[in-house]
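Q: Got a structure here, written out as structure tokens. Questions coming.
The values are calculated or read from the model by the stated rules, or taken from the named source; none is laboratory data. These numbers come from a predicted model, not from an experiment. Don't worry about glycine lacking a Cβ; one is built from the backbone with ideal geometry, like all the others, and counts go over all protein chains shown. The accessibility values were calculated without ligands, DNA or RNA, using every heavy atom of the protein model including side chains. Shrake-Rupley method; radii C 1.70, N 1.55, O 1.52, S 1.80 Å.
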Amino acid sequence: MAKRKKGEDKDMGKVAIYPGSFDPITYGHIDVVERALEIFDKVIIAIAENEEKRPLFSVEERLQMVKAFFKDTPKVLVDSFKGLLVDYVAKTNAIVILRGLRATSDFEYEFHMASMNRSLNTHLDTLFMMTSKDYFFVSSRTIKEVAKLGGGVEGLVPDLVVRRLKEKFKLPVTKKKQIGWDD
Ligand code: PNS
């Protein structure tokens, strides 16, 4: 009988791990997951527990938002991990690490990370997918900055994330400022 390759579990099929901070998840991330599902049987979204990055949302909050979005997509599993990504991947059936690339500016960081992961586990590859043109300017960092300053992020993140951002930043109702020569 042919030996089954890692990542080709009879129940799971081909599995990819999509790791990240997801602080918070955006439609850019979701676009990558949806396109990856055309290649893989399962995608595990793995939320990194890294307090050093001082995330806005706790791991539980991030898990809840991601799980809520994919609740009707059984091909997507959502989990969190602590420590090295390669150690987490080794505990799963994944054959590949999946990452999104928005622009060439992402490349250096991603190249270093993929190379380090490959040096830690020579069997592990990272697959990059270009984020679609509709979301290439969307990052969790800019979403938080815009939301904090009261800007609209609807359409760039799921509605639940919009609500959670508003709760987090306790946004006041803004009044129109009157500007005139008498001020
Ligand atoms: O969304 P992010 O913040 O760009 O994701 C980065 C992440 C979480 C994938 C990366 O920091 C990571 O893998 N952290 C786990 C710790 C680790 O394995 N570090 C070595 C890889 S360089």
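Q: Output the qualifying pairs, or none if there are none: Cβ atoms under 7 angstrom, residues six or more apart or on different chains, first residue in segment 121-135 and in a strand (DSSP E or B), second residue open to solvent by 30 Å² or more (accessible area, probe 1.4 Å).
A: Every condition considered, the pairs that remain are 126/99; 128/99; 129/35.
Q: Looking at segment 32-50, is at least one residue within 19 Å of residue 164 (Cα to Cα) and either in contact (Cβ under 8 Å) with a residue 60 or more places away in the chain or exposed (fewer than 14 other Cβ atoms within 10 Å of the Cβ) (or both)?
A: Scanning segment 32-50, I find no residue that is within 19 Å of residue 164 (Cα to Cα) and either in contact (Cβ under 8 Å) with a residue 60 or more places away in the chain or exposed (fewer than 14 other Cβ atoms within 10 Å of the Cβ) (or both), so the answer is no.
Q: I need every pair where a residue in segment 80-101 that is farther than 21 Å from residue 62 by Cα has its Cβ under 8 Å from the Cβ of a residue that is in a loop (DSSP other than H, G, I, E, B) and within 8 Å of the ligand (Cβ to nearest atom), sequence separation at least 6 or different chains.
A: Pairs that qualify, where the first residue is farther than 21 Å from residue 62 by Cα and the partner is in a loop (DSSP other than H, G, I, E, B) and within 8 Å of the ligand (Cβ to nearest atom): there are none.
Q: Same structure again: Since residue 136 meets every condition but one in (1) closer than 16 Å to residue 45 by Cβ; (2) surrounded by 15 or more Cβ atoms within 10 Å (Cβ to Cβ), which condition does it not meet?
A: (1)
Q: Across segment 61-93, what is the number of residues that are near the ligand (Cβ under 10 Å from one of its atoms) and touching an Asp or Glu at 6+ places or on another chain (Cβ under 8 Å)? Reasoning before the result, please.
A: Within segment 61-93, the subset near the ligand (Cβ under 10 Å from one of its atoms) is 81-89.
Checking which are touching an Asp or Glu at 6+ places or on another chain (Cβ under 8 Å) leaves us with 81-82.
So the count comes out to 2.
Q: Hey, residue 142 hits all of (1) under 26 Å from residue 60 (Cα atoms); (2) in contact with a strand residue (DSSP E or B) (Cβ under 7 Å, 6 or more places away or on another chain) but one; which does it fall short on?
A: The number of the failed condition is (2).
Q: Which condition number does residue 145 fail, the rest of (1) within 16 Å of the ligand (Cβ to nearest atom); (2) open to solvent by less than 40 Å² (accessible area, probe 1.4 Å) being met?
A: Every listed condition holds for residue 145 apart from (2).
Q: Could you check segment 94-107 and list, in sequence order, the residues that are within 14 Å of the ligand (Cβ to nearest atom), open to solvent by 50 Å² or more (accessible area, probe 1.4 Å) and farther than 17 Å from residue 30 by Cα?
A: 105, 107
Q: Okay, moving on. Quick one: in segment 108-132, which of the residues that are over 13 Å from residue 28 (Cβ atoms), open to solvent by 70 Å² or more (accessible area, probe 1.4 Å) and away from the ligand (no atom under 13 Å from the Cβ) is nearest to the chain's Cα centre (by Cα)?
A: Of all residues in segment 108-132, those over 13 Å from residue 28 (Cβ atoms) come to 108-128.
Filter again for open to solvent by 70 Å² or more (accessible area, probe 1.4 Å), leaving 108-109, 111-112, 116, 118-120, 122-123, 125, 128.
Next cut, away from the ligand (no atom under 13 Å from the Cβ) only: 122-123, 125.
Working: 122: 24, 123: 23, 125: 18 Å.
This residue is 125.
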